[in-house]
Amino acid sequence: ALPARPLGDRATARRLRGGTGETIWLDMLPGARLASPGLAGECSLQVLAGRVTVQVLGNQVELPTGHFALVPPNLSVAIHAAGRTPTLAVLHSCVALPDRLPFEAL
């Protein structure tokens, strides 16, 4: 694992690299909001603890613990830690992501 990087004051990301894909662990405090202009390949976002709201193409889906969503490539996506407790989510990418993290705090 690479060192955790802050995403604003309410979230951190930790990258795990291996093989052709990549995994990013997202630790988010309640109310944290992250956005990406688009990811290079299709990804899955899985919620391990807490609850998030994911928005892609104007469609909003709420994901409780244990659920996941597929995120299409090259489309903007927004993630919001919607619960009252901290959220842990994992983004699995089928391709290696650029060195710059694909998410920014809103």
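Net charge within 13 Å of Thr87 by Cβ-Cβ distance, Lys/Arg positive one each and Asp/Glu negative one each, not counting Thr87 itself?
Computed value for this residue: +2.
So between Arg100 and Ala4, what do we pick up on full extension, going 0.36 nm a residue minus the alpha carbon distance?
33.3 nm
So what is the accessible area of the stretch 1-87 per residue, in Å², with the probe set to 1.4 Å?
Accessible area per residue, the stretch 1-87: 54 Å².
Please state the charge dipole magnitude for the chain, taken about the Cα centre, from unit charges on C-beta atoms (+1 on K and R, -1 on D and E), reported in debye and rounded to the nearest 20.
200 debye
Among Thr12, Thr53, Gly83, whose Cα sits farthest toward the positive end of the charge dipole of the stretch 1-90 (+1 at Cβ of Lys/Arg, -1 at Cβ of Asp/Glu, about the Cα centre)?
Positive-end residue among those listed: Thr12.
On the accessible surface of the chain, probed at 1.4 Å, how many percent belong to carbon and sulfur atoms?
It is 56 percent, rounded to a whole number.
Restricting things to alpha carbons, tell me how big the chain is in terms of Rg and Dmax, in Å.
In Å, with Rg to one decimal and Dmax whole: 12.3, 35.
The values are calculated or read from the model by the stated rules, or taken from the named source; none is laboratory data. On a predicted model such as this, the values are computed, not experimentally measured, just so you know. Note: ideal-geometry Cβ built from the backbone for every residue, glycine included; neighbour counts use all protein chains shown. Please note that ligands, DNA and RNA were not included when accessible areas were found on the heavy atoms of the full protein model with its side chains. Shrake-Rupley method; radii C 1.70, N 1.55, O 1.52, S 1.80 Å.
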